[in-house]
Amino acid sequence: MNRKSTVGLVTIIAASLLTAGAVAKDKQLAGPAPKIFTDVTDCRAVADNAQRLACYDRAVGALATAQAAKDLYVADKETMRETRKGLFGFNLPKVKLFENDDLGDDVKSIETTVKSVGTGSRGYVFVLEDGARWAQTDGAYMDKPKAGAKIRIRRAALGSFMGSIDGKVGFRIERLNQ
């Protein structure tokens with residue numbers, strides 16, 4: 001096994017261990033770790049160096065094949081945080097993958113840039129830098145925001161959201177599912 005293969009093997013195992021470590025630490029996901037992962041960790045118990053390396057080669061090969069086939073997804077904490085931010089504002093069912101873990105509190109607000117502004121039935125419709133679409137819901141008057149303006153959207157009472165453009169007076173806003 002050459003140096004590049006060894007580094008690749010270590011990287012895949014480390015990424016897998018990070019994800020599984022969070023799962024094992026918080027046991028909030030249903031059931032034990034997947035067999036494809038435990039096959040890798042079980043290789044640690046093989047005493048003979050050559051047999052252990054062969055075990056790792058087989059197990060990591062299966063991990064890489066599963067990931068390439070999109071049967072396995074590996075994500076680090078930063079990716080999970082970014083995913084949470086991207087889902088901010090959607091009214092989704094509770095998914096244990098995104099709750100009760102050690103990533104900290106749920107996202108309370110986002111700050112980003114307005115990519116474009118259109119009009120909707122009750123006010124402006126904002127397309128944000130990440131492609132998320134939000135619509136003003138309260139009909140409050142404001143000068144038309146411009147692309148490039150900074151927007152802050154925060155959670156408000158009873159599942160609602162408040163938006164503010166460039167730190168000005170807030171307005172009610174909702175995430176569009178389109």
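The values are calculated or read from the model by the stated rules, or taken from the named source; none is laboratory data. Bear in mind that the values here come from a model prediction, so they are computed numbers and not experimental data. Quick reminder, even Gly has a Cβ in these numbers, built from the backbone with ideal geometry, and neighbours come from all protein chains shown. Just the protein is used for accessible areas: all its heavy atoms, side chains included, with ligands, DNA and RNA removed. Shrake-Rupley method; radii C 1.70, N 1.55, O 1.52, S 1.80 Å.
So which of Lys108, Lys146 ends up being modelled with pLDDT of 90 or more and either open to solvent by less than 30 Å² (accessible area, probe 1.4 Å) or in contact with a strand residue (DSSP E or B) (Cβ under 8 Å, 6 or more places away or on another chain) (or both)?
Exactly one residue qualifies, and that residue is Lys146.
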Quick one: which helices (runs of 4 or more DSSP H) lie wholly within segment 1-86 and hold at least 3 residues that are at negative phi and modelled with pLDDT of 90 or more? 35-42, 49-68
Are any residues in segment 111-123 among the polar types (S, T, N, Q) and either assigned to a loop (DSSP other than H, G, I, E, B) or surrounded by 18 or more Cβ atoms within 10 Å (Cβ to Cβ) (or both), and if so, which ones? Ser121
Within segment 124-143, track down each residue that is exposed (fewer than 14 other Cβ atoms within 10 Å of the Cβ), under 23 Å from the mean Cα position of the chain (by Cα) and hydrophobic (A, V, I, L, M, F, W, C). none
Residue list for segment 162-178, restricted to those being open to solvent by less than 30 Å² (accessible area, probe 1.4 Å) and touching an Asp or Glu at 6+ places or on another chain (Cβ under 6 Å): Phe171
Would you say Arg172 is more than 21 Å from Glu82 (Cα to Cα) and either touching a strand residue (DSSP E or B) at 6+ places or on another chain (Cβ under 6 Å) or in contact (Cβ under 8 Å) with a residue 24 or more places away in the chain (or both)? yes
